[in-house]
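The values are calculated or read from the model by the stated rules, or taken from the named source; none is laboratory data. All values reported here derive from a predicted model rather than from experimental measurement. Backbone-built Cβ (ideal geometry, glycine too); neighbour counts: all protein chains shown.
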Amino acid sequence: MRSLLALLIVTLALAALCCCEKDPKDPSGSPSAASIKIKKEVANAFVKRQKRSSLYEWYYEHYRSPMEQMHERCENYPPCDYLSHQRAFSMAYNRLFGR
């Protein structure tokens, strides 16, 4: 176990040294504004989310279960939210909203 830990520490130290070296092409040492900018198309590739593939996933994204609706109702009402953190959600909901 100790040998694995020592190997990990040495690897991290070498990685830190490699990352902290100055770039010989950049004498100032700090990155310029042009090197930080990326194209809009490349940036959007990270932000785009995947389309839902099945009807099941689409349905549950748009329609919440009754239990989830009860949780949201309780979270939006401060006394119920406080009581649900102190005790249990079901007890807090039944006490304040009834069944």
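This table checks each residue for (1) among the basic types (Lys, Arg); (2) on the phi > 0 side of the Ramachandran plot; (3) modelled with pLDDT of 85 or more.
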| site | (1), (2), (3) |
| --- | --- |
| CYS20 | no, no, no |
| ASP26 | no, no, no |
| ALA34 | no, no, no |
| ILE38 | no, no, no |
| ALA45 | no, no, no |
| SER84 | no, no, yes |
| ARG95 | yes, no, yes |
| ARG99 | yes, no, no |
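Among the residues of segment 69-99, those that are surrounded by fewer than 11 Cβ atoms within 10 Å (Cβ to Cβ) and outside any helix (DSSP H, G or I) comprise ASN76, GLY98, ARG99.
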